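Novice: I am attaching a structure below and will ask some questions about it afterwards.
The values are calculated or read from the model by the stated rules, or taken from the named source; none is laboratory data. Bear in mind that the values here come from a model prediction, so they are computed numbers and not experimental data. No Cβ is skipped: glycine too gets one built from the backbone with ideal geometry, and neighbour counts run over all protein chains shown. Accessible surface is based on the protein model in full, side chains and every heavy atom, while ligands, DNA and RNA are left aside. Shrake-Rupley method; radii C 1.70, N 1.55, O 1.52, S 1.80 Å.
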Amino acid sequence: MKFFSLAASAALALGVVSAHAEPFKVGMITTLSGGGAGLGIDVRDGFMLAVKQAGNENIEVIIEDDQRKPDIAVQLADKLVQSEKVDVLTGIIWSNLAMAVVPAVTAQGKFYLSPNAGPSALAGKGCHPNYFNVAWQNDNLHEAAGAYAKEAGYKKSFILAPNYPAGKDALTGYKRFYDGELAGEIYTKLGQTDYAAELAQIRASDADSVFFFLPGGMGISFLKQYADSGVDLPVVGPAFSFDQGILQAVGDAALGVKNTSQWNKDIDNATNKAFVESFQAEYGRLPSLYASQGFDTANLLLSAMGSADVNDPDAFRAALKAADFSSTRGDFEFGPNHHPVQDIFVREVIKEGDVYTNKIIATALTDRADAYAAECKM
């Protein structure tokens, strides 16, 4: 995405006045083409909206498309660190890409701010002082789904997720808070779009509910096929399969589904209200979970830039840890492993006019950190 990178650098060279003498360079590696592109586009747009609103001239954002390929992401990270001399990296959506990039980047003394992927390996023993996750640890939203399933009285869930780090964390998280039996447990292929075999197994099981984590186009395909399959079981899942960009493609098949998220457009605080309004005005669509995470990531970075010089890593790290910014989620703080401690909500898919969206109906987990912080030895 060289053209996009140059456009972002030239047209969006904005930011806050910082002690950093040269332009503060941010390398954003995210998914902008192929399967899952909508997620990366939303993270990028949320991040850039915050940068634009900051209205200053000391930040340069170089945006690159990883094409959802780990080898491409590694090549881009090497270029951004070694040739572009970026100060901070961000943007990765997928956990397998994060595992390929983050350890190498932080080992070179660079800061990495995750607006999405939160693999357990980077929250526990693989944590690093220069790695901050601004979204969640991968298990979190699935833990909340398990807690909701328990509260709803489900006794025999059929669960499935893609076979990659985030998928494994998803099912682990669900099982941590759900105390019923499992009617089945399947790991699907990452990027899979045909779920006939999985639906046949669900139909043949004695499940009383279905939990799935299938982000992006995978979730769209599954939900459409689920609606046509004749399977009539309640569905629960994380926001990733029921978020704003996905719901319009799924349509009525998603109505009434309960899903879990640390963010929604109806969280009642001034920052979130302004974000939803300004994002819609800027881009002509409602923001998604991913857009909110990109927006918060940029504002965290801008807050640190305003109080510390990245050339003083200890001071800059402390400024990031302080999280002195207004989050779309309201109160925001990091745990000891630099992952958020936050409430996670239950949402229900509804229709407002012609638009499918979510509303918060309950809180599943309060002030939830993650299960791996004790393993982090920072």
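Novice: For the stretch 138-149, indicate whether the set of residues that are open to solvent by less than 20 Å² (accessible area, probe 1.4 Å) and part of a loop (DSSP other than H, G, I, E, B) is non-empty.
Specialist: Taking every residue of the stretch 138-149 in turn, at least one turns out to be open to solvent by less than 20 Å² (accessible area, probe 1.4 Å) and part of a loop (DSSP other than H, G, I, E, B).
Novice: Can you confirm whether Ile350 is of a type in the set (Val, Ile, Thr), surrounded by 19 or more Cβ atoms within 10 Å (Cβ to Cβ) and at pLDDT 95 or above? Even if it seems obvious, please write down each step before you answer.
Specialist: Details: of a type in the set (Val, Ile, Thr): yes; surrounded by 19 or more Cβ atoms within 10 Å (Cβ to Cβ): no; at pLDDT 95 or above: yes.
Here the answer is no, as Ile350 does not meet what is asked.
Every residue, every condition in (1) farther than 24 Å from Pro313 by Cβ; (2) of a type in the set (Phe, Trp, Tyr); (3) in contact with a Lys or Arg (Cβ under 9 Å, 6 or more places away or on another chain); (4) modelled with pLDDT under 95, yes or no:
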position	(1), (2), (3), (4)
Ala11	yes, no, no, yes
His20	no, no, no, yes
Thr31	yes, no, yes, no
Arg44	yes, no, no, no
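Novice: Give the stretch 264-301 a look and list any residue that's in contact with a strand residue (DSSP E or B) (Cβ under 8 Å, 6 or more places away or on another chain) and not acidic (Asp, Glu), or say none. Steps first, please.
Specialist: Initially, the stretch 264-301 is screened for residues in contact with a strand residue (DSSP E or B) (Cβ under 8 Å, 6 or more places away or on another chain), giving 264-267, 269, 271-272, 286, 289, 296-297, 299-301.
Residues satisfying the conditions are Asn264, Lys265, Ile267, Asn269, Thr271, Asn272, Leu286, Leu289, Thr297, Asn299, Leu300, Leu301.
Novice: Among the residues of the stretch 53-67, count how many are within 25 Å of Ala166 (Cβ to Cβ), assigned to a loop (DSSP other than H, G, I, E, B) and open to solvent by less than 50 Å² (accessible area, probe 1.4 Å).
Specialist: The total comes to 1.
Novice: Related question: Read through the list (1) in contact with a strand residue (DSSP E or B) (Cβ under 7 Å, 6 or more places away or on another chain); (2) at negative phi; (3) open to solvent by 10 Å² or more (accessible area, probe 1.4 Å), then give the number of the only condition that Gly40 fails.
Specialist: (3)
Novice: Filter the stretch 277-330 down to the residues that are in contact (Cβ under 8 Å) with a residue 24 or more places away in the chain, hydrophobic (A, V, I, L, M, F, W, C) and either over 16 Å from Ile267 (Cβ atoms) or not in a helix (DSSP H, G or I) (or both) and list them by number.
Specialist: Listed by number, the residues that qualify are Leu286, Ala298, Leu300, Leu301, Leu302, Met305, Ala308, Val310, Phe316, Leu320, Phe325.
Novice: OK, next. Does Tyr154 satisfy being among the aromatic types (Phe, Trp, Tyr) and either crowded, with 22+ Cβ neighbours inside 10 Å or more than 19 Å from the chain's Cα centre (by Cα) (or both)?
Specialist: Yes; evaluated as a whole, the condition is true for this residue.
Novice: Restricting the search to the stretch 267-285, which residues are open to solvent by 60 Å² or more (accessible area, probe 1.4 Å), among the aliphatic types (A, V, I, L, M) and under 22 Å from Ile361 (Cα atoms)?
Specialist: First, the residues of the stretch 267-285 that are open to solvent by 60 Å² or more (accessible area, probe 1.4 Å): 268, 270, 273, 277, 280-285.
Right, trim to among the aliphatic types (A, V, I, L, M) and you get 270, 281.
The one that is open to solvent by 60 Å² or more (accessible area, probe 1.4 Å), among the aliphatic types (A, V, I, L, M) and under 22 Å from Ile361 (Cα atoms): Ala270.
Novice: Further, regarding this structure: With the condition being open to solvent by 20 Å² or more (accessible area, probe 1.4 Å), out of contact with any Cys (no Cβ under 8 Å at 6 or more places or on another chain) and in contact (Cβ under 8 Å) with a residue 40 or more places away in the chain, I'd like the helices (runs of 4 or more DSSP H) fully within the stretch 68-131 carrying at least 2 qualifying residues. Outline the logic, then answer.
Specialist: Details: elements: 70-82, 95-107, 120-123.
Here the list reads 95-107, 120-123.
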